[in-house]
Structures are given as C-alpha cells and as structure tokens.
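Take a look at the structure below.
The values are calculated or read from the model by the stated rules, or taken from the named source; none is laboratory data. Small disclaimer: the values here were computed from a predicted structure and weren't measured. When we count neighbours, we look across all protein chains shown, and the Cβ atoms used for this are built from the backbone with ideal geometry, even at glycine.
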Amino acid sequence: MSHPSAPQTTDADSKDLAVKLSCRHVWKIFGNDVKSLFDSNGNVDQDSLDRGDYIKAVCDASFDVFEGEIFVIMGLSGSGKSTLLRCMTRLIEPSAGVIQFDSQDLMKVSEKELIDLRRHKMGMVFQHFALLPNRTVLGNVALPLEVQGIPKAVREQRALKVIKLVGLDDRERYYPRELSGGQQQRVGIARSLAGEPDIWFLDEPFSALDPLIRREMQDEFLRLQNVLRKSIVFITHDFEEAIRLADRIAIMKDGAIIQIGTPEQLVLNPATDYVEEFTRGIPRAKVLSAEALMRDVGSDTFAGIVQARVAIDAQLNKILSADHGAVFAVHNEQGETIGALPREVVVDLLSAPPAKK
C-alpha cells in the first residue's frame, strides 16, 4: 500500500525559507512485531495494521519546520502530538519514516552522534520543570554546559547571560523552592537555551501554570523569539495559545496530521469539521490580520496606516476611532503600501456571528 498524501497547506512565504527539520512519513506504532507491518520502502500494510492489536500513536506524519519559525503542533490529549515531538528527537524511536535535521538523516546517526546533537543543537522544555532542588538557578541553568565539559568560569558566564535574558538576573542564587511556578519555568527555559541550540522543542511548557502566569510566559516566549529567532516546535492542546504563538499550526487527531496552515488559513478554510470545531468561538479579530482582509488600492484617501501582519485586534482602537467610511493603508514590513482596508470591513468582522455547521 502506498503512502496517502498528507492533507496539509503551506504558508506561501515559507517557500523561500530554509528547512531546519523535515519529517517524511513518520509512524510510531506500539505492539508486537511492528517491523513486519512495513515493507522495504516504509509503506505500511494497512490491512494487517487494522486487524492487529496495535496502538497507532503517529500515522504517516509529513511536514517541514522552517528556519526561524514557531511551528505549533496541537490536538487533544491522546492525539499523538507529544509522541511525535519525541520521535523528532529520537527520545522515542519511530517505527518508520525519515527525519532530517539540517539535511542530516537522524535515523542513521549513531547513539553517540545523537547524544552530541541533543547536547549541542537541540533545546528541550517540558511541562514538568525537573529542576534540581539542591542547585541554585545558576547551577541549574549551567548544568547542560557542565555536561558538555565547559570550564566553570565560562559556563557560569554563559548561564548568567541567559538568566538575564529570561528576566531572572536578580534570582541566580535562589533555589527552586524559593521561586514561583512562573519563575521556575523561566529557569527551565534558560537551561534549555544555555547550550545555544539550533532548534528548540517545547512540550506544553505552560500548561501547568495559572492563567495569568501562563499569559505572562507566552509574552515572555514571544519576546525571546523576537530576540533569538529560533526554529521552534511547540506542543499545546490550547488553540488560543496556538494562534497567539504560531507562525504555522499542525492539528493532530488519532495520530494523524489533519491540517497544517497559518492561524488565518485554519480559521478561514478549515479542512474538516474537526478543525472547524477547534476554530469556532475564537474571535476572528484575534486571528485575522489586515493582510487577510485588505483589498486592492484604488483612488483612496487614507485615514491612517495599519500593519499588514498584525492582528486586527491589536489595531482596533486606531481603526474604530476613525470616521465612518474611512480607509486605511496596509503597510508591509518595509513600509510599502500593499493594500487598503476599509473601516467597515473590520466592523462587519466584529459583528459577524460565529460560523455554524
């Protein structure tokens, strides 16, 4: 049986970006004699899979993570998202498929090479902070550098740099028990960044935090990304968190990727009822940008400027305070006018009822 085509969409602007991580036809199946399900080309015997006593944790996942993007994988509990992340790092061995990191086939590297990649190229943050209680903030953050054999003076200097980066520069001598939950998570984030990884894996890092602290950590995460521009794989079950953080989102169900797209693409063009259910109830002004709503420029007199890729929600005061019939110039990152946004289009967006099946 040949591989089914992956139901995904691609951000049009991503085609010009370098691929940092590539997954092709990745499977993770739990059960006895799983290897017998696949032929020499990695194709699965679907009949045997369906008849056997197997758990399909990841099913034929294919996608790319681009340089500098936040790629969010989301789904309900049991959808396979955390298992897929662990397959990417080979913390769990995939049953089949190809995983390439910087064009290097991770399925073919030795255990020693894989450990070296994890130490030097990959940063990981999990839901449980796993801080060492007998070490200070400085000691916890410097731990990966200590494992790498970096001299104490150098590793502490680098650790202090990332501690300052995450806003804990007055807490480096504190122990984990002396920190709040949000501060402990910042230590976990700093520790994962101390080794200056090329790619950053985060598995529901904020889900154990109270809502206000969670929002604060999302703000902190976005601030760090604006500074560092890491390639990031971020796992969450919260669609609002996904749309706030993601450049692109992959939605999973029963181990399979149902759709990949930007937040705007998922809201405007859900591929299935399941995806539509996720997007229902999300205020569209939080997701849609001026670029998604703009029209071509005509003989307009502009009342002001809005930014193309900033969510409408963040520009509402400016837009709604304008006169009835006002039109705004839509500017790209270079300050060029690429479209026009009438005020009434935004008013209609705000007054539209949630989509119904």
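Assorted remarks:
- The one condition in (1) in a helix (DSSP H, G or I); (2) modelled with pLDDT of 90 or more that A285 fails to fulfil: (2)
- No other residue among F221, F234 is under 14 Å from the mean Cα position of the chain (by Cα), closer than 28 Å to T272 by Cβ and of a type in the set (F, W, Y) apart from F234.
- Residue under evaluation V141, criteria (1) in contact with a Lys or Arg (Cβ under 7 Å, 6 or more places away or on another chain); (2) of a type in the set (V, I, T); (3) farther than 30 Å from S62 by Cβ; (4) in a loop (DSSP other than H, G, I, E, B), criterion not met: (4)
- Checklist (1) part of a helix (DSSP H, G or I); (2) in contact (Cβ under 8 Å) with a residue 12 or more places away in the chain; (3) over 29 Å from L222 (Cα atoms) applied to Q315, failing item: (3)
- Among the residues making up the stretch 63-82, those that are small (G, A, S) and surrounded by 20 or more Cβ atoms within 10 Å (Cβ to Cβ) are G75, S79, G80, S82.
- Residues (assigned to a helix (DSSP H, G or I) and farther than 26 Å from M74 by Cα) located in the stretch 35-60: K35, S36, L37, D47, S48, R51
- I55 being surrounded by 22 or more Cβ atoms within 10 Å (Cβ to Cβ), in contact (Cβ under 8 Å) with a residue 12 or more places away in the chain and hydrophobic (A, V, I, L, M, F, W, C): no
- Residues satisfying the stated conditions in the stretch 140-160, i.e. more than 17 Å from Q185 (Cβ to Cβ), crowded, with 21+ Cβ neighbours inside 10 Å and of a type outside the set (A, V, I, L, M, F, W, C): R155
- Top-ranked residue of the stretch 318-354 - restricted to ones that are hydroxyl-bearing (S, T, Y) and not in a loop (DSSP other than H, G, I, E, B), ranked as surrounded by the most Cβ atoms within 10 Å (Cβ to Cβ): T337
- Pair list, Cβ < 9 Å and 6+ apart or interchain, from the stretch 224-237 residues that are of a type in the set (K, R) to residues that are surrounded by 19 or more Cβ atoms within 10 Å (Cβ to Cβ): K230/I70; K230/G123; K230/L193; K230/P197; K230/I199; K230/W200; K230/L224
- Options I189, I235, I213, I199; residue that is at pLDDT below 90 and either in the same structural domain as G139 (by TED's automatic domain parsing) or over 19 Å from G75 (Cβ atoms) (or both): I213
To keep it simple, each residue is scored yes or no on (1) hydrophobic (A, V, I, L, M, F, W, C); (2) assigned to a loop (DSSP other than H, G, I, E, B).
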position: I73; (1), (2): yes, no
position: G78; (1), (2): no, yes
position: R86; (1), (2): no, no
position: V98; (1), (2): yes, no
position: E113; (1), (2): no, no
position: L117; (1), (2): yes, no
